[in-house]
Amino acid sequence: MNHSIALDRRSTGAAPAKAATSRIADDRTLLRTAAEISRDLNAPRPAIYWTDLLLSVAIGYGALFAAMTLPSVGWAIVAGMVSVLALYRAGSFIHELTHVKSSALPGFRVAWNALVGVPLMVPSFMYEGVHNLHHARTRYGTVDDPEYLPLALMKPWSLPLFVIVSILAPVALLFRYAVLAPLSVFIPALRRKVVEQYSGMVINPAFRRRHPEGAFRREWHLMEAATSAWAITLLTLVATGIIPLKAFLVFLAVAAGTTLINQVRTLVAHLWENDGEAMTVTAQYLDSVNVPPPAFLPMLWAPVGLRYHALHHLLPGVPYHGLGEAHRRLMKALDTDSPYHKGNYAGLPGLVGKIVRSTMIDRR
């Protein structure tokens, strides 16, 4: 999931050199084996989805309430951290919504939007119809990919900027839904801008979203109206003193915490070494990252299957609860010289160090 505020390729100094990953041929053994071993893993298990989501929501909002009301600053901070992690996990299910058919999980999409999407002002339409373009064979890593920037080829200062600006996302979302959304109903030019530029969780500033059509258009409008009503109500309750300012600021801090963690995860979800050319599926896999066990912390900063991000690009149809088993099967089935083993990394520090070192290379 990318709560990202985009950086411009030109302002961050993306190098003109072509990345070697764009010239990697597909490994047929890898692709065939991945398809074969995952045939019995493609069905989502509703009990797992519902239990995981509802527990994450209950813990997240319970801890948020505690952070707002506990008299001890220390315990309030602890509660806030628990809330950040739990709500981040709950929010990460937006990624699953884009890959799992609604008919396979009846009511789950509506429940997620009611419990997470609308309250946190990230309704699912902001990812649906966008994320699937990131998985398109001819779009990944190109200028037409809404979720890609060649970060590893940019200037070193672009990385901290990329992470830090994510803290502003909750305030930007409040403004988008409480102010821009209602105004855009009466101003067609503003509406075009809101739909094309402010209605997608993207990191590519050149991406312009198409206007919704058909049934999705009606669903979009319902979700947007609900989120706008919530944002306006929230600000009104704070302005009138019904919701204490402290509680509101805690809410914003927790929301900012979720976007910050997600932005750090986004920074290491790929190697970001492609500079615009179309890539094979194997090249896309090698430009992506798995952080499998025994590493423990990825279950917190890359939840709901996101620790197997590279594998997900091989098998986008496998639900999050099946990725661990798919990984174990592939590790056993493939030789050690298979490209699959090259997509696995030990943890966050090494990945951050890798991309930082890449930005320091002089490519003039």
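Things to note:
- Summed side-chain charge close to Ala136 - residues other than Ala136 whose Cβ falls under 12 Å, Lys, Arg +1, Asp, Glu -1: -1
- Short-range pairs are left out: with C-alpha atoms under 8 Å and at least six residues apart, the relative contact order of segment 124-283 is 42 percent.
- Each part reduced to its alpha carbon centroid, segment 135-163 and segment 224-267 end up 27 Å apart.
- Residue-level accessible surface for His221, protein heavy atoms, 1.4 Å, Å²: 70
- Residue order by solvent-accessible surface for Arg217, Arg357, Arg39 is Arg39, Arg357, Arg217, largest first, with ligands and nucleic acids left out and a 1.4 Å probe.
- Counting only protein heavy atoms and using a 1.4 Å probe, the accessible area of Asp337 comes to about 120 Å².
- Cα-derived Rg over Rh, computed across segment 106-242 with Rh taken as Kirkwood radius: 0.99
- Counting only the Cα atoms, the chain fills a convex hull of 143 Å³ per residue.
- All other residues whose Cβ lies under 10 angstrom from that of Pro298 are scored, Lys and Arg at +1 and Asp and Glu at -1, for a net of +2.
- Exposure check, 1.4 Å probe, all protein chains in place: Thr51 carries approximately 80 Å² of accessible surface.
- Contour excess over end-to-end distance, with Cα ends at Met360 and Ala189 and 0.36 nm allotted per residue: 57.4 nm
- The alpha-carbon of Lys101 sits under 13 angstrom from the alpha-carbons of these aspartates and glutamates, leaving out residues fewer than 8 places away in its chain: Glu128.
The values are calculated or read from the model by the stated rules, or taken from the named source; none is laboratory data. All of these numbers come straight from a predicted model, not from anything done at the bench. Cβ coordinates were reconstructed from backbone atoms using ideal geometry, including for glycine residues, and neighbour counts include every protein chain displayed. The protein model used for the area step is the full one, side chains on, heavy atoms only, and it has no ligands, DNA or RNA in it. Shrake-Rupley method; radii C 1.70, N 1.55, O 1.52, S 1.80 Å.
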